[in-house]
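I have placed the structure first, in the form of structure tokens, so that the comments after it can refer back to it.
The values are calculated or read from the model by the stated rules, or taken from the named source; none is laboratory data. Since this is a predicted model, take the numbers as computed values, not measurements. All Cβ positions, even for glycine, are placed from backbone atoms using ideal geometry, and neighbour counts span all protein chains on display. Quick note on the areas: whole protein, heavy atoms, side chains included, nothing else; ligands and nucleic acids left out. Shrake-Rupley method; radii C 1.70, N 1.55, O 1.52, S 1.80 Å.
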Amino acid sequence: MLKLLAAALLVSLISVAHSNAADLVVQFAQQADRLDIKVDDVPMATYVFRDDKILRPYFAHLRAPNGLQATRNHPPVAGVDAADHDTMHPGLWLAFGDLSGGDFWRNKAKVEHVEFASAPRVDGNNGTFTVRNRYVRGDQTVCEELCRVAIFARASGYWIVLDSRFSGPADFYFGDQEEMGLGVRVATPLAVKNGGTLINSDALSGEKQVWGRQADWCDYSGTIDGQPVGVTLIPAPANFRRSWFHARDYGFVAANPFGRQAFTKGEKSQVVVRGGDSLRLRFAVRVHAAAGDLPSAYSEALTLFDQRR
């Protein structure tokens with residue numbers, strides 16, 4: 001009888017857990033310069049699309065299901081956070097140090113938010129929106145980006161899936177630098193130098209092993225007040241090239257499919273997009289309260305990519 005009761009209790013707990021996971025609902029609140037993203041009325045992230053100091057869109061203050069903030073405070077808090085790269089590492093961002101000669105990583109060229117091509121909306125428990133961005137160097141438009149963003153709320157982690165297409169009427173190119181691709185600056189306590197863990201899909205860890213290596217994914221995690229929290233970057237396997245990872249023990253990592261020479265000292269890469277054609281880049285970001293089974297998280301990301309074809 002006790003075994004039957006225990007089994008019934010276990011089934012009940014699993015059912016409740018599944019129900020709670022299913023009940024997680026994404027919510028949006030749009031302001032003049034940003035989009036606040038919540039899950040069940042609790043802040044999850046802020047998408048900033050206009051900023052006088054950071055001349056490109058970004059996500060700030062990403063939080064895990066346990067409510068802990070996984071990215072560094074933006075702006076950095078004096079006495080709490082290192083203040084380096086304060087206008088270049090705002091949280092989570094997609095940027096390029098060399099896009100047809102324009103430096104959109106270091107705010108020397110501007111990514112203009114043109115419009116929400118598809119307004120933020122909730123579809124079931126998930127949320128989506130699409131933005132149109134214009135990449136401007138001086139008085140010249142280099143290209144445009146149409147980026148579909150999908151937010152998936154799961155009990156095991158919150159997902160941000162980015163699907164960007166870059167196109168223009170004339171030829172443009174992506175250059176070869178470390179500072180290209182999807183980057184994240186994690187919360188100060190998660191940095192390796194503060195006790196955090198940086199690991200890739202080949203079980204290599206720390207800046208010296210992860211930097212400049214191609215991998216399926218890279219996870220940066222640790223604890224805050226004794227509770228686990230972290231971020232996993234997962235480039236889509238269907239991207240034009242496998243990503244190298246630019247990683248630092250001070251709390252930064254970026255997935256970069258462009259830096260062939262920068263990372264390998266090999267032939268310099270220049271990815272040219274012909275006028276009228278497009279280049280598609282997709283990434284999944286998992287903000288989690290426990291790294292858990294990272295290969296399983298990668299499999300979940302592949303499913304999400306398939307859903308967003």
Check your understanding: Filtering the stretch 45-66 down to residues that are among the hydroxyl-bearing types (Ser, Thr, Tyr) and either closer than 19 Å to HIS85 by Cβ or at pLDDT below 95 (or both), which residue is surrounded by the most Cβ atoms within 10 Å (Cβ to Cβ)?
Key -> TYR58
Practice item. Identify the single condition in (1) assigned to a strand (DSSP E or B); (2) open to solvent by 70 Å² or more (accessible area, probe 1.4 Å); (3) in contact with a Lys or Arg (Cβ under 7 Å, 6 or more places away or on another chain) that THR223 does not satisfy, given that it satisfies every other one. Key: (3)
Study note, to complete from the structure: Of the conditions (1) in a strand (DSSP E or B); (2) open to solvent by less than 10 Å² (accessible area, probe 1.4 Å), the single one that VAL122 does not satisfy is (2)
Practice item. Assess whether ALA6 counts as being over 25 Å from SER243 (Cβ atoms), open to solvent by 50 Å² or more (accessible area, probe 1.4 Å), at pLDDT below 95 and of a type outside the set (D, E, K, R). Key: yes
**Study point:** Single residue of the stretch 282-294 satisfying the filter (farther than 21 Å from GLY91 by Cα and in contact (Cβ under 8 Å) with a residue 24 or more places away in the chain) that is nearest to the chain's Cα centre (by Cα)
**Key:** LEU294
Review point. In the stretch 148-157, is there at least one residue being in contact (Cβ under 8 Å) with a residue 60 or more places away in the chain, surrounded by fewer than 19 Cβ atoms within 10 Å (Cβ to Cβ) and over 24 Å from PRO237 (Cα atoms)?
Key: yes
**Study point:** strands (runs of 3 or more DSSP E) within the stretch 247-309 that include 1 or more residues open to solvent by 10 Å² or more (accessible area, probe 1.4 Å)
**Key:** 271-273, 278-288
Study note, to complete from the structure: Checked the stretch 130-143 for anything under 22 Å from GLY183 (Cβ atoms), touching a Lys or Arg at 6+ places or on another chain (Cβ under 7 Å) and either open to solvent by 60 Å² or more (accessible area, probe 1.4 Å) or in contact (Cβ under 8 Å) with a residue 60 or more places away in the chain (or both); matches are none
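Quick grid of which residues meet (1) outside any helix (DSSP H, G or I); (2) closer than 23 Å to ALA83 by Cβ; (3) open to solvent by 40 Å² or more (accessible area, probe 1.4 Å):
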residue	(1), (2), (3)
GLY181	yes, no, no
ARG185	yes, yes, no
PRO189	no, yes, yes
LYS193	no, yes, yes
GLU207	no, yes, yes
ASP219	yes, no, no
Point to revise | Options HIS89, HIS85: the member that is modelled with pLDDT of 95 or more, within 24 Å of ARG280 (Cα to Cα), assigned to a loop (DSSP other than H, G, I, E, B) and not acidic (Asp, Glu) | key: HIS89
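In the stretch 85-102, what count of residues is obtained for those that are farther than 26 Å from ILE234 by Cβ, of a type outside the set (Val, Ile, Thr) and surrounded by fewer than 19 Cβ atoms within 10 Å (Cβ to Cβ)?
2
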